[in-house]
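Engineer: Structure below; questions to follow.
Where a number appears in this text, it was derived from the coordinates with a stated rule and is not lab data. In this text, all values refer to a predicted model and were calculated from it rather than measured experimentally. Counting neighbours? That spans all protein chains shown, and the Cβs are built from the backbone with ideal geometry, glycine included.
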Amino acid sequence: VSPWPEGEADVTKKIVILGGGPAGYVAALRAAQLGASVALVESREIGGTCLNRGCIPTKAMVAAVERLRAARTNADFGILAGTPHVDMAALSARRRAVTEQLRGGVEHLLATRKVELIAGRGRLVSARTVRVSAGRDGDGDEVEVGGDAVIVATGSEPTMLPLFDVGDPRVVTSDGLLAMDGLPESLAIVGGGVIGCEFASIFAELGARVTVVEMLAQLLPGEDRRAAAALAQAFRKAGVESRLKARVERVDLSSPDAVGLTLADGSVVEAALALVCVGRSPVSRGLGYEEAGLALDERGFVVTDDTQRTSLDGVFAAGDVCGPPLLAHWAYEQGAVAAENAVSGGRSAVDRRFVPNCIFSHPEVASFGTTEDQAKAADLPIAVAQVRFNGNSKAVIEGESDGYIRIIARADDRRVIGASLVGLHVTELVHELVLAARAGLTLDDVAATIHAHPTLAEAVGEAALGALGRGLHTL
Ligand SMILES: Cc1cc2nc3c(=O)[nH]c(=O)nc-3n(C[C@H](O)[C@H](O)[C@H](O)COP(=O)(O)OP(=O)(O)OC[C@H]3O[C@@H](n4cnc5c(N)ncnc54)[C@H](O)[C@@H]3O)c2cc1C
């Protein structure tokens, strides 16, 4: 089999990639797979935000608190194993070990594919040249690396509000929180988006008193409001306080071991630690992008088309630096497409229609494609196939039967165009529906698919059957 989607590789190409996160390292692997010689410039650790300060360390913590949650309900299952205790040092050590193991795996792949790693801070000096200053801070010797094309994949970093003092140890971003080993007695999370909600679930389960302050009217802005309401209800049960439509007006650091956040309504949220997660900003300034002629949008994201070409011939961009959705799997996709086009000069394009959003809170939330509100706004007639997990055998067996599946289909031909799911393992279940949507399948196809019993996936089939008036395990 050929690694090429079509056509022949131009194996003489040299590709230079700036940034070794998911977008950059996948671009490197794909370009090397296609026969190009590849130089990958990274100033910190391979794996970027995802592996070192994002997806992987947070999900390692989620795995730990899932065990804690399960242990706390042992007696309900007839297992008497005593009261579980948290050893934060051991939990953090495992989180680091998981990160190191996976980073080692990526480094091995890059080495095997003969990708040249250049450790240092790079700057774009022309459409085909990057200047690299050795070392993390870029204060070492300079080298120039040239190629036939450059892929910029410098990612994103936490956005800080001017209101907060970044230097104070009681105010952290996700980077700071993941660098800590301890457990704060209380945590005020400013920003109720994906990152804020995942940390809220983690730290509440670990025993911290958690308050989430969100400016908008719902948690998880952008997700279906029913999913956000389900999460808010679960937060209430777990003792997490959600302050919605709440804006932080003042930050008080006068007390030695607490931070006080004064909200617009005059109330004060006090906590030992404030986590600011109000979004992420592109790493695109001071890297020669604008000087070289790359168009940035008003927020600083690099503008690309769907072939990942930028405004400058010969320069491609991929990942968070190109703007939302800021997701590792979207960065992978963009990186692979950028590499294909950089090597071949072709016009492979990313497909933005069905990118899954997975939120590893408790309960999990997953979605993709068209939402009900978007369909309504676009006057698109839809059918909604829905089922709750409380009628699903496996969910009841597992003792986690809160949540639901809602599949959005076009009313005329019943093609699946989106979904919103809340509950146990929905971050896995969503993919059957993503595949159905991508393949142009209908609710009838989903209903005709035999799902094994007893599984959570049965609920997907049951939702579709219900929409066709053929549900047997639901009324
Ligand atoms: C707490 C948290 C949890 C997350 N959880 C998830 C999740 O569960 N699922 C998911 O899909 N996404 C998640 N994300 C988002 C995900 O981490 C990002 O979408 C992903 O890392 C983007 O990849 P990237 O390669 O575009 O950028 P990055 O991962 O940011 O990588 C960019 C790389 O470029 C390097 N770099 C920057 N400038 C230079 C320079 N001048 N020279 C050399 N190197 C440079 C940086 O050091 C970095 O290594 C999470 C993010 C956070 C913060």
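Engineer: So G78 clears everything in (1) on the phi > 0 side of the Ramachandran plot; (2) within 9 Å of the ligand (Cβ to nearest atom) except one condition, right? Which one?
Structural biologist: (2)
Engineer: A further question on this structure: Would region 54-73 turn up any residue that is closer than 25 Å to V283 by Cα, surrounded by 16 or more Cβ atoms within 10 Å (Cβ to Cβ) and touching a Phe, Trp or Tyr at 6+ places or on another chain (Cβ under 8 Å)?
Structural biologist: Yes, the conditions are met somewhere in region 54-73.
Engineer: Away from the ligand (no atom under 13 Å from the Cβ), farther than 30 Å from G346 by Cβ and among the aliphatic types (A, V, I, L, M): is that true of L183 in this structure?
Structural biologist: Judged against the criteria, L183 is a match.
Engineer: Also, quick follow-up: Report the residue count in region 384-409 for those that are in a helix (DSSP H, G or I) and either in contact (Cβ under 8 Å) with a residue 24 or more places away in the chain or among the aliphatic types (A, V, I, L, M) (or both).
Structural biologist: 8
Engineer: For region 292-314, which residues satisfy the criterion of being in contact (Cβ under 8 Å) with a residue 60 or more places away in the chain and away from the ligand (no atom under 14 Å from the Cβ)?
Structural biologist: G293, T310, L312, D313, G314
Engineer: Within region 92-123, which residues are of a type in the set (A, V, I, L, M, F, W, C), away from the ligand (no atom under 16 Å from the Cβ) and closer than 26 Å to E66 by Cα?
Structural biologist: If the condition is that a residue be of a type in the set (A, V, I, L, M, F, W, C), away from the ligand (no atom under 16 Å from the Cβ) and closer than 26 Å to E66 by Cα, then A93, A97 are the ones that fit.
Condition check ((1) among the aliphatic types (A, V, I, L, M); (2) more than 30 Å from F164 (Cα to Cα); (3) buried (at least 22 other Cβ atoms within 10 Å of the Cβ)) across all residues:
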{"residue": "G266", "(1), (2), (3)": "no, no, no"}
{"residue": "S284", "(1), (2), (3)": "no, no, yes"}
{"residue": "G288", "(1), (2), (3)": "no, no, no"}
{"residue": "F354", "(1), (2), (3)": "no, yes, no"}
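Engineer: Grab the helices (runs of 4 or more DSSP H) fully contained in region 157-241, keeping just those with 2 or more residues being within 20 Å of L253 (Cα to Cα) and among the β-branched types (V, I, T).
Structural biologist: Ranges flagged: none.
Engineer: Is there a residue in region 135-157 that is over 29 Å from A295 (Cα atoms), more than 16 Å from the ligand (Cβ to nearest atom) and either surrounded by 16 or more Cβ atoms within 10 Å (Cβ to Cβ) or of a type in the set (V, I, T) (or both)?
Structural biologist: no
Engineer: Select from region 161-185 the residues that are over 16 Å from V259 (Cα atoms), surrounded by 13 or more Cβ atoms within 10 Å (Cβ to Cβ) and of a type in the set (A, V, I, L, M) and list them in ascending order.
Structural biologist: Correct list: L178, M180.
Engineer: Which one is farthest from the chain's Cα centre (by Cα) among residues in region 323-342 that are hydrophobic (A, V, I, L, M, F, W, C) and more than 8 Å from the ligand (Cβ to nearest atom)?
Structural biologist: Of everything passing the filter in region 323-342, A342 is farthest from the chain's Cα centre (by Cα).
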